[in-house]
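**Student:** Here you go, one structure.
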Amino acid sequence: QVQLVESGGGLVQAGGSLRLSCVASGRTFSNYRMGWFRQAPGKEREFVATISRIVGSTYYADSVKGRFTISRDNAKNTVYLQMNSLKPEDTAVYYCAATTSALTTTSPTDFGSWGQGTQVTVSS
């Protein structure tokens, strides 16, 4: 199974930007649809964005549309989440995830591989 490592989290003021990265192991990165999820303390894990395996079709949660952009570089085995116009309610641990599903999915249960998470804190 693919191993994932996130980076790029940190502390930022409301209205600021962060760029998260997730590096995957192996030579079969293009076989995986990738996703970003987030989880705040005491809350359910929440879908953020997903990107398809080769063409790179994207889909976003309504809460981040127009502010976040997911992208991937298959040559670098890396998926990114560019986060702009950050709000305090974006504060959470952000997780990178991978699935072999060929279909768009927003469910955490469909993703079999997960990174360790990276903390994003947005101050008001």
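The values are calculated or read from the model by the stated rules, or taken from the named source; none is laboratory data. What you are looking at is a predicted structure, and each value in this text was computed from that prediction instead of being measured. Glycine also receives a Cβ, built like all others from the backbone with ideal geometry; neighbour counts cover every protein chain displayed. Note: accessible area is taken over every heavy atom of the protein model, side chains too, but ligands, DNA and RNA are not part of it. Shrake-Rupley method; radii C 1.70, N 1.55, O 1.52, S 1.80 Å.
**Student:** How far apart, in nm, are two points set 7 Å out from the Cα along the Cα-to-Cβ line at residue 59 and at residue 102?
**Tutor:** Output for this residue pair reads 1.5 nm.
**Student:** Report the FRET efficiency, 1/(1 + (r/R0)^6), for residue 109 and residue 73, where r is their Cβ-Cβ distance and R0 is 22 Å, rounded to 0.05.
**Tutor:** 0.25
**Student:** Would you work out which of 103, 78, 123 lies farthest towards the positive end of the dipole of the chain, given +1 charges on the beta-carbon of Lys and Arg and -1 on that of Asp and Glu, about the Cα centre?
**Tutor:** 78
**Student:** With unit charges on the beta carbons (Lys and Arg positive, Asp and Glu negative) and the dipole taken about the Cα centre of segment 1-117, which residue among 42, 91, 8 sits farthest to the positive side?
**Tutor:** Comparing the listed Cα positions along the dipole, 8 ranks first.
**Student:** Still on this structure, I have one more. What's the carbon and sulfur percent of segment 53-108's accessible surface, probe 1.4 angstrom, rounded to a whole number?
**Tutor:** 50 percent
**Student:** Any idea which of 32, 68, 114 is furthest toward the positive side of the dipole for the chain, if Lys and Arg beta-carbons carry +1 and Asp and Glu beta-carbons -1?
**Tutor:** The residue sitting most towards the positive pole is 32.
**Student:** Determine how large the accessible area of residue 55 is when every protein chain is in place; take a 1.4 Å probe and give Å² rounded to the nearest 10.
**Tutor:** Answer for residue 55: close to 130 Å² accessible.
**Student:** Determine ³J(HN,Hα), in whole Hz, for all residues of segment 84-90 in sequence, where each value follows from phi through the Karplus function 6.51 cos²θ - 1.76 cosθ + 1.60 and θ = phi - 60°; x replaces Gly and Pro.
**Tutor:** Working through the residues one at a time gives 10, 6, 5, 10, x, 6, 7 Hz.
**Student:** To continue, here is another question. How big is the dipole moment of the chain about its Cα centre under a simple scheme where the beta carbon of each Lys and Arg is +1, that of each Asp and Glu is -1, and everything else is neutral? Debye, nearest 20, please.
**Tutor:** Roughly 260 debye, rounded to the nearest 20.
**Student:** Could you pull out which residues in segment 34-61 have an amide N less than 12 Å from a spot 7 Å beyond the Cα of residue 7, following the Cα-Cβ vector?
**Tutor:** none
**Student:** Report the charge-dipole magnitude of segment 1-73 in Debye, nearest 20, computed about the Cα centre from +1 at each Lys and Arg Cβ and -1 at each Asp and Glu Cβ.
**Tutor:** 120 debye
**Student:** For 124, 85, write out the residues from largest to smallest accessible area, computed with a 1.4 angstrom probe and no ligands counted.
**Tutor:** Per-residue accessible area, sorted high to low, gives 124, 85.
**Student:** Further question on the same structure: Normalising by the residue count of the chain, find the relative contact order in percent from Cα pairs under 8 Å and 6+ residues apart.
**Tutor:** 36 percent
**Student:** Same structure, new question: Would you mind working out the accessible area per residue for segment 1-96, using a 1.4 Å probe, and quoting it in Å²?
**Tutor:** On the way: 4870 Å² over 96 residues.
Spelled out: the 1.4 Å probe surface of segment 1-96, per residue, equals 51 Å².
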